[in-house]
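Asks: Mind having a look at this structure? Questions to follow.
Rule-based calculations on the coordinates, nothing more; no lab input. These figures come from a predicted structure and were not determined experimentally. Cβ atoms come from the backbone with ideal geometry, glycine included; neighbour counts cover every protein chain shown.
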Amino acid sequence: MRAWSPTRDRAGRRAATVAGVLALAAVTVIAVDATAEDESPVDPLRSASGEVFGPVETGLDTAADPIEEVADQITTVDGLRDDNARLESENARLRAQLETVDIDRSRLEALSALYQLGDDHGFDLVTAQVTAMGPAQSFSQVVTIDAGTSDGVEADMTVINDQGLVGRVLRADHGSATVLLIVDASSVVGGRLGSDLELGMLRGDGDLSDGGRLSMSTIDQTVQPGPGDIVVTWGSRGGAPYVAGVPIGRVESVESSQRDQSMVAKVQPYVDFSALDMVAVVVGASASDDSTEQAAPPEGR
């Protein structure tokens, strides 16, 4: 416990007195300023305070400007970064679309040609896309398409594309089907020579490349096909497995068979089997379509 000191007591009373005087002075100044009608006695004091503290406030505002500018720049940079990322994503999407334009255009042209072929020959078509290629059972050259029994596709139906005959359906399930290509070594297709409608049988050599050929032996061994002759499908009873009049290919050369002294025509198929994409299955044909009807060959091959 501290001992009482006259000096400490006088200092405490003096501080309390000063505080009371300052409080009274402040109340007096407020009252005078509030009751003044024109000019307040404290205006000079207010002006002096403004002159003293105004520059300080201005200086503080000026000092804060660079900080605010930096904050604004940070916000702007973040916004530009977000915009740049968005634009890069949009550009990537547009580039992808541009790169597939030719593919989409080719598919549309192929579908248009297929529908035109169907209209010209009275074919009811189910269009499909090739989804796989590979051997199946005892056949080596087959493809899978994305149309099946749910679309009306069944075994032994003719498959074509915008260029000509592709093959026949081997089997079909609910959503897909397996197609035997006419270039398979086990495939046999009846054909007609476009020049005189002579009949023959065509067999594939198993080659999917541009060098692949079909061998055609005429039923009448005295008939000699000529280079450039067009070959179309002979047609089967009921249109299965091949409807009549579908372009197959063009005779490229004629060779003699030493075995039976007959002539064998090498036929270049119209279809590019290494680039199969859009095809159509003939699910029906009009009664007017018969084995004597011919189809115009496709352009380009």
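Asks: Which of rounded, prolate or oblate describes the range 123-285 when judged by the alpha-carbon gyration tensor and an a/c cut-off of 1.5?
Replies: In terms of gyration-tensor shape, prolate.
Asks: Give, in nm to one decimal, the length gained when the segment between Ala185 and Asp210 is fully stretched (0.36 nm per residue of separation minus the Cα-Cα distance).
Replies: 7.4 nm
Asks: Can you give the charge dipole size of the range 105-263 about its Cα centre, rounded to the nearest 20 debye, using +1 on the beta carbon of Lys and Arg and -1 on the beta carbon of Asp and Glu?
Replies: Rounded to the nearest 20 debye, it is 180 debye.
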